[in-house]
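Encoded as C-alpha cells, the structure appears first; notes follow it.
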Amino acid sequence: MVNEGDLMWRAPAEWIAESSLVTYRRWLADRFGLTFPDYQALWRWSVSDLDAFWRSVWEYFGVESSVPPGAVLGRRTMPGAEWFPGTRVNLARELLRRIRRHGPVIIHRSESRSGGEIPAAELVDRVERLAVALRGLGVGEGDRVVGYLPSIPETTIAVLATAAIGAVWACCAPDFGRRTVLDRFHQLDPKVLIAVDGYRFGGRDFDRTPDIDEIIGHLPSLEAVIQLPYLHPDPPAPTGRRSVRWDDLLAAADRALFSFADVAFDHPLWVLFTSGTTGLPKGIVHSHGGIVIETLKLLGLNGNVGPDSRVFFYTSSGWVNFNILTVTPMLGATIVMYDGNPAYPAPDLLWQIADDVGATNFGVSPAYVQLLSKAGVRPRDRYRLDRLRYVTCTGSTVLPEHFGWLYREVKPEMLVVSTSGGTEVCTGFFTGAVGEPVHAGEMQVRGLGVAVEAWNEGGEPVVDEVGELVVREPMPSMPIRFWNDPGNRRYLDTYFDMWPGVWRHGDLLKVTPRGTGIISGRSDSTLNRHGVRIGTSDIYRIVDAVPGVRDSLAVNVDRPDGSGHMVLFLVPATGGVVTDDLESTVRTRLRNEGSPRHVPDRIVPMLAVPYTLTGKKMEVPVKRMLQGTAPERAYTRDAMVVPEAMDAYVAFAASFVKGGIS
C-alpha cells in the first residue's frame, strides 16, 4: 500500500552532479556571483527577480536574435506582459540550428506504415522545401496553415516549416469529427490545409476522405490543399480547391529560395484549442519567443533533456504535448513518436517501443497507468528498459498508486515526474528536478520562473490546505491573446475573473510545507460536501481501487443553500450492474478511507464514463446537465472519444431535473 507523501526515490549523487541544473547553478555563480544552497532557493530567486532570471536563461542557452535584447520585461501586467521587446526570434531557426548532427532527430513508429528514422540533414531539407512551397502557395507572415494530421514526422515538419516563414499553425488529429474540426479551423480562416486521407487504430482503418471534402467545402478561405497519402497509396484528390501531393510539392521546391522570417519575439506561432466540451473552443495563441525560451527552461533545466536524450511521449497531434515533443530537439534530443492504438495488439506495446528505441524519457498518462495496473501488466518482466531514467506522468491527477505501480512494475531506479500545466502555457506549473526527492502523489517542484501558489477564497496564499491554483507573476509562454477575442474579453473572463492581474487556472492545489504540490481536481468540478471542498481525484483514488469497479465519475449538484447533492456514476467491471455488495463496499471504502463527506448521496450504474479527445473525464458537462443545462449547450459530441458514452447521462439528467433532487 502506497500512501500520499511516502518517499519513493532519491537520485544518486552522480545523477545530480551531472544534471543540467547543477551546471546552470555553477554558471550563475561564475557569471553573476549568484549562489543558491538548494532548488527552493533557486526557485524563489527565479520568481522574485524575473528580469535577472529570464535574462540568464537567454544568455545561458544563447538565444539568437538579429536585435540584441535590451529590457527583459517592457510591460509587466497580466495579461499583456511584453517580453524581450524589440528582439527577433524564430522558433524554427532556433530549433534547426540546435538539432543533433549525428544519429536520428526523429524516430517514428506507426500502425499504418513501417517505422523509420529521420536524421538532421533530412529534417532540414524537408522543412526548408515545405517552407518554400508554402510561400509559393501564397502563404505569408501571419497567414494560417492548418493540419488534419496524426502524430507523424510530417506533422512536425509542417509545424516547423510554417513557423519558419512566420505563418501560424493549428492542427487537429484525424480522429476528430468534421464538426469538431470545423469549430476550430473555421475561426482561423486558413489559407492552406495539409491532410491525410485516413488513419488506422487498433487494426481498423478509418477513411477520412468524405470528411475532408466537407471540411474543405466549409472553409472558403482555403486556397490550396496538400494531400498526404497515408491510409491509401493513391487516394482521390479532394474536391473544390487546388490540390497537390506532399511528395510532389516538396520535390518541386527550390531550397535555394529558402529564408527564415525574422519575426518579433511576440509574433504568433500557433493556435492551440481548448477541449471544446462546452461552447466554441477557445483558440489560444502562443508566441515564437515565449515558446523558445520556455522550452529551453522547462526541458533544458527542470527536465534535464540534452543531446543524449531520447524522449518518447504517446500523444495526439491535437494535444499540447505533441507541440512540446515537436520542439524538444531544440535541446539536441531525439524524439520518438507513435501513431496508433497504444494498447494494440498488446497493452504493453508502448513499453516495447520504449525498450526498442532506447528511450531515456517516457511520457504516460495516469489513465494509461491505471489500465496497465488493472490488466496485470508488468513491463519489468519483459523489457530491459536499461536506458530509461525519467517517466513523466501528466494529463490528470497522478495518484500515489500510480507512483507505486511505476516503481514496482517498471523500474525502481528512475525519476517519476508528476506535472501540472496546461495547453494555455505549454509548460508545467509544477514539474521535476533531478536533485529533489520523489514523494507519492506529489509533484516535485514548482517550475523555475513560475510564481505558482494556492490561494484561499480571500486571495491569500495558503500552505498545506487546498486552494485555487494561481500564478501571480507573468510567464513568457502565457497566451499573447485568444483568437478572435476583441478586447481580450474571453481571455480575461477565463483566467482573471476572480483576481484581476492574477492568473487563476481553475485547478485545486495544495502546496505542502516542503514545496511540493498536489492537484485534487478542477475547481469548477469541486464537490462541496457540507461546506468542505473535495477534489474529484480524492473520490476516484478510493473508488477505482475497489475490485469490480472499472471506472467512475463524480459530480456535485449545488443546492440553493450552498450545499450539494453528490452523484457517483459507477462503471462495474462486468455486466453494467452495481450489486448491493459492490455498492456497500464502495460506500464503506469512501467512508473509511476518505470521510463521511466522501460518501455520495446516490450511486448510479453506467456502462462507460465519457471522456474528451484529450482524455479528461467530462465532469463539468455532466454536472451542468444535472443542473438543467440543455445537452446541446453542455457538451460537444465531436469532442468526445466515444460520443455514445454520453447518451445514458443525458437520459439520466432529464429524469433527474424533472424529478428534482431527492
### Query
Which number in (1) farther than 28 Å from Arg109 by Cβ; (2) surrounded by fewer than 21 Cβ atoms within 10 Å (Cβ to Cβ) marks the one condition that Arg200 misses?
(1)
### Query
In region 624-661, what count of residues is obtained for those that are in contact with a Phe, Trp or Tyr (Cβ under 9 Å, 6 or more places away or on another chain) and open to solvent by 70 Å² or more (accessible area, probe 1.4 Å)?
3
### Task
Output the residues belonging to region 47-67 that are in contact with a helix residue (DSSP H, G or I) (Cβ under 8 Å, 6 or more places away or on another chain), of a type in the set (Val, Ile, Thr) and either open to solvent by 50 Å² or more (accessible area, probe 1.4 Å) or over 22 Å from Val471 (Cα atoms) (or both).
Val63
### Task
Would you mind telling me which numbered condition in (1) over 25 Å from Gly136 (Cβ atoms); (2) open to solvent by less than 10 Å² (accessible area, probe 1.4 Å); (3) within 23 Å of the chain's Cα centre (by Cα); (4) not polar (S, T, N, Q) Arg179 fails?
(2)
## Note on the structure
Note: among Val336, Val327, Val305, Val311, just one is more than 28 Å from His186 (Cα to Cα), within 16 Å of the chain's Cα centre (by Cα) and buried (at least 23 other Cβ atoms within 10 Å of the Cβ), namely Val311
### Message
Please pick out the residue among Gly70, Gly33, Gly62, Gly80 that is within 30 Å of Glu141 (Cα to Cα) and more than 28 Å from the chain's Cα centre (by Cα).
### Response
Gly70
### Message
What's the total number of residues in region 369-384 that are open to solvent by 10 Å² or more (accessible area, probe 1.4 Å) and touching a residue at least 24 places away in the same chain (Cβ under 8 Å)?
### Response
11
### Message
Checking Cys172 against (1) crowded, with 24+ Cβ neighbours inside 10 Å; (2) closer than 20 Å to Leu250 by Cβ; (3) touching a helix residue (DSSP H, G or I) at 6+ places or on another chain (Cβ under 6 Å), only one condition comes out false. Which one?
### Response
(2)
### Task
Scan region 345-360 for residues that are open to solvent by 20 Å² or more (accessible area, probe 1.4 Å) and either closer than 19 Å to Val320 by Cβ or assigned to a helix (DSSP H, G or I) (or both) and report the count.
4
### Query
Is there any pair linking a residue in region 195-208 that is touching a residue at least 12 places away in the same chain (Cβ under 8 Å) and among the basic types (Lys, Arg) to one that is open to solvent by less than 40 Å² (accessible area, probe 1.4 Å) and in a strand (DSSP E or B), with Cβ under 9 Å and at least six apart or on different chains, and which?
Arg200/Ser110; Arg200/Asp339; Arg208/Tyr148; Arg208/Ala195; Arg208/Val196; Arg208/Gly198; Arg208/Tyr199
### Summary
For region 7-17 the number of residues that are free of Cβ contacts under 8 Å to residues at least 24 places away in the same chain and surrounded by 14 or more Cβ atoms within 10 Å (Cβ to Cβ) is 0
### Query
Taking into account only those residues within region 543-579 that are open to solvent by 10 Å² or more (accessible area, probe 1.4 Å) and touching a His at 6+ places or on another chain (Cβ under 9 Å), which is modelled with the lowest pLDDT?
Ser563
### Task
Look at region 385-400 and say how many of its residues are outside any loop (DSSP other than H, G, I, E, B), open to solvent by less than 20 Å² (accessible area, probe 1.4 Å) and closer than 19 Å to Ser520 by Cα.
2
#### Entry: strands (runs of 3 or more DSSP E) (entirely within region 401-449) containing at least 3 residues that are of a type in the set (Gly, Ala, Ser) and under 19 Å from the mean Cα position of the chain (by Cα)
420-422
### Query
Within region 423-441, can one find any residue that is surrounded by fewer than 23 Cβ atoms within 10 Å (Cβ to Cβ) and polar (S, T, N, Q)?
yes
### Residue that is surrounded by the most Cβ atoms within 10 Å (Cβ to Cβ), among those in region 245-279 that are touching a helix residue (DSSP H, G or I) at 6+ places or on another chain (Cβ under 6 Å), modelled with pLDDT under 95 and not hydroxyl-bearing (Ser, Thr, Tyr)
Phe273
### Members of region 575-597 that are without any contact (Cβ under 8 Å) to a residue 24 or more places away in the chain and of a type in the set (Asp, Glu)
Asp580, Asp581, Glu583
## Note on the structure
Going through region 41-67 in order, the residues found to be touching a Gly at 6+ places or on another chain (Cβ under 9 Å) and under 15 Å from Leu301 (Cβ atoms) are Trp43, Ser46, Val47, Phe53, Trp54, Val57, Tyr60, Phe61, Val63
### Task
Kindly provide the set of residues from region 454-482 that are open to solvent by less than 30 Å² (accessible area, probe 1.4 Å) and closer than 27 Å to Val271 by Cα, ordered by number.
Glu468, Leu469, Val470, Val471, Pro474, Met475, Pro476, Ser477, Met478, Pro479, Phe482
### Task
Taking the options Leu582, Leu607, name whichever one is modelled with pLDDT of 90 or more and either at positive phi or open to solvent by less than 30 Å² (accessible area, probe 1.4 Å) (or both).
Leu582
### Message
Can you tell me which condition Glu223 does not meet? The list is (1) charged (D, E, K, R); (2) crowded, with 19+ Cβ neighbours inside 10 Å; (3) closer than 20 Å to Trp270 by Cα, and all the others hold.
### Response
(2)
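The values are calculated or read from the model by the stated rules, or taken from the named source; none is laboratory data. If you're wondering where the values come from, they're calculated on a predicted model, not measured in any experiment. Methodologically, a virtual Cβ is constructed for each residue, glycine included, from the backbone with ideal geometry; neighbour enumeration extends over all protein chains shown. Remember, those area values only see protein heavy atoms, side chains included, never the ligands or the DNA or RNA. Shrake-Rupley method; radii C 1.70, N 1.55, O 1.52, S 1.80 Å.
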